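Heads up, the thing below is written out as structure tokens.
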Amino acid sequence: MNQSGSRSEQNNISQGQTGFGKDFSDLGQQEVQTEIEKYFERLTLALDAARMGSWYWDSFTNKNIWTPYHDVIFGYEPGNGEHTYEDWSSRVHPDDLELAEAAWKTALEERVDYICEYRIVLPDSTLRWGESYGRYYYDDGGKPLRMAGTVTDITERKKAEQALQESQRRYSTLAQVSPVGIYRCNTSANLVYVNQRWCDITGYTFDRVINQEWRFIIYPGDKERVEAQVERALEEKINFGCEFRFQRPDNSLVWVFAQSVPEFDTKGLFIGHVGTVTDITNQKKSEKALRQSEERFRSTFEQAAVGICHADNNGKFIRVNQKFCDILGYSREELLELTFHEITYPADLESDLHQVRNLLSGKVKNFSMEKRYLCKDGSVIWVEITVSFVRQINGEPDYFLGVINDISQRKQAQTQLLLRAQEQEELNLLLTETTAKLRKRNSELDQFAYVASHDLKAPLRAIANLSQWLEDDLLDSLEPDNLRHLELLRQRVYRMEALINGLLQYSRIGRVQDAEEKVDVNQLLAEIINDLAPPENFTIQVKDTMPTLTTKGMLLR
């Protein structure tokens, strides 16, 4: 309070106005004292209720009067209220005493109110925080007459402030090391705080975005959708959460997942939002890669030229492609209601289950087999199936994977081949029997030819010998014609013997290898003409230049 204010107050007191709201000008001295004591009691009660102590210093008497609660705050037993400077200074923390005394001096020199916070050391060494507030009152000459003030125990407030500071420190530390961006915005959606991670994600500096509307960096293609989400969150009073893209200063895009909740002050008034921003760019890339992989898998799964199926641990189909449906004649919906047991040909089921048990026990990683399926129309088809077992990352069973190839045509071809092989085997057996019979017949023929040859050549030899004997005995008495006839007879005999030998050799064709020989065609033709014995009036002319052949002579004769 300034000096003029102090003088006005002093004038009021001299005129009987105490400032207590009551006129004491008509009262005697004793009555005034009584009223003042009553007011002081009420004031003390109010201060005690407010957990505040008061003090009063008189420059004339140099007395320092404390209220009882002032004593309590400084660790004194409530007494007569009179204290000295030492009573005060001995309880102020040594590190804070100089500050407190400087505040007194400043208030006196600059004629301002005295305000100071300092620590109080109690007799048991416990620390307590106090806040003092005081005011000097001056005479007309500017000399301080007195000083009055209050002291408040602010220990709990200080603890709360320290706790708040610690909380803010931890929050600040957490915000700085947080893997997500953290931001706060006011009711106008202007940013009032962002952490470093938020800056790293968006590419903007702290100074560039503070007091700017946070939505200005949203990618234009996403802004309408995000604003609609914000409006919905505000209208329905729900937390905001949305995936969208930020456009960084270099025009690159970063995918984020932003969340925020409304923030209220201590009075419950809405003051803005606090939220987080998580960089999900890599996640989005992974999701895109996963979608592309799933699309490729789906394309391969559906367009494969073979049947593909997935079945659970109980054998129930959980996924089938169209080719598998076409093989069996079922619709996809119908197959998904069946198990592989129900469509397996009964005679093949046990061997199939045996392979499945080996697969489940880990004895084999996969197996292939040929088996029969029962189609929807009741027909039976042959398939070749390869089965493996897909496991989860933790090794737990997930599902069976089967690849099915329709081999009905191949099986039919194999059946036809088996029939042809059987027919061929029967034919071979017949040929073997026929060959044996033919060998027997050939052997009999050889025997017959040999016997016939021997039996036919014996008379011929006798005829030849007889004609030769006749010629020898009657050589001198026979006419030339007769001699020629005997010679011709022997030639015919020899020729007949040659023919018999030829027949015998001809019967062995294919079984006996005939040696090649030189054949004079002139001589061969002469023999043939001689055998034909043409009439005398019949003339056969043969060129003199006929060749000599190297061949199997028997075949020419």
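The values are calculated or read from the model by the stated rules, or taken from the named source; none is laboratory data. If you're wondering where the values come from, they're calculated on a predicted model, not measured in any experiment. Reconstructed Cβ throughout: ideal geometry from the backbone, glycine too, with neighbour counts over all protein chains shown.
If you take the residues in the range 283-301 that are among the hydrophobic types (A, V, I, L, M, F, W, C) and farther than 24 Å from Glu243 by Cβ, which one is surrounded by the fewest Cβ atoms within 10 Å (Cβ to Cβ)?
The selected residue is Phe297.
Which residues, taken from the range 302-315, are surrounded by fewer than 18 Cβ atoms within 10 Å (Cβ to Cβ) and within 15 Å of Phe400 (Cβ to Cβ)?
Scanning the range 302-315 gives His310, Asp312, Asn313, Asn314, Gly315.
In the range 264-285, which residues are acidic (Asp, Glu) and not in a strand (DSSP E or B)?
Result: Asp265, single match.
Could you please give the count of residues in the range 70-121 that are closer than 16 Å to Tyr136 by Cβ, of a type in the set (Val, Ile, Thr) and either modelled with pLDDT of 95 or more or outside any loop (DSSP other than H, G, I, E, B) (or both)?
Result for the range 70-121: 2.
Inside the range 367-391, can you point out the residues that are surrounded by 13 or more Cβ atoms within 10 Å (Cβ to Cβ) and either free of Cβ contacts under 8 Å to residues at least 24 places away in the same chain or closer than 19 Å to Gln414 by Cα (or both)?
Phe367, Met369, Glu370, Lys371, Arg372, Tyr373, Ile381, Trp382, Val383, Glu384, Ile385, Thr386 - these are the residues of the range 367-391 that are surrounded by 13 or more Cβ atoms within 10 Å (Cβ to Cβ) and either free of Cβ contacts under 8 Å to residues at least 24 places away in the same chain or closer than 19 Å to Gln414 by Cα (or both).
Give me the residue from the range 254-282 that is hydrophobic (A, V, I, L, M, F, W, C) and loosely packed, with under 15 Cβ neighbours inside 10 Å and, out of that set, nearest to Arg197 (Cα to Cα).
Val261
Being more than 32 Å from the chain's Cα centre (by Cα) and crowded, with 16+ Cβ neighbours inside 10 Å, is that true of even one residue in the range 225-244?
Yes, the range 225-244 contains at least one residue that is more than 32 Å from the chain's Cα centre (by Cα) and crowded, with 16+ Cβ neighbours inside 10 Å.
Which residue pairs have Cβ atoms closer than 7 Å, lie 6 or more positions apart in sequence or on different chains, and pair a first residue in the range 343-356 that is more than 15 Å from Glu370 (Cβ to Cβ) with a second residue that is assigned to a helix (DSSP H, G or I)?
Ile343/Leu328
May I ask you to list pairs of residues, at least six apart or on different chains, whose Cβ atoms are under 7 Å apart, with the first in the range 264-293 being under 17 Å from Asn239 (Cα atoms) and the second being part of a loop (DSSP other than H, G, I, E, B) and among the aliphatic types (A, V, I, L, M)?
Hits for this filter: Thr276/Val180; Val277/Val180; Thr278/Val180.
Which one of Asp476, Asp455 is assigned by TED's automatic domain parsing to the domain that holds Gln505 and assigned to a loop (DSSP other than H, G, I, E, B)?
Of the residues listed, the single one that is assigned by TED's automatic domain parsing to the domain that holds Gln505 and assigned to a loop (DSSP other than H, G, I, E, B) is Asp476.
Please go through the range 420-473 and give me each residue that is over 21 Å from Leu499 (Cβ atoms) and in contact with a helix residue (DSSP H, G or I) (Cβ under 8 Å, 6 or more places away or on another chain), ordered by number.
Scanning the range 420-473 gives Leu470, Glu471.
Determine whether the range 239-251 contains at least one residue that is within 16 Å of Asn186 (Cα to Cα), touching a His at 6+ places or on another chain (Cβ under 8 Å) and not basic (Lys, Arg).
The answer is yes; a qualifying residue exists.
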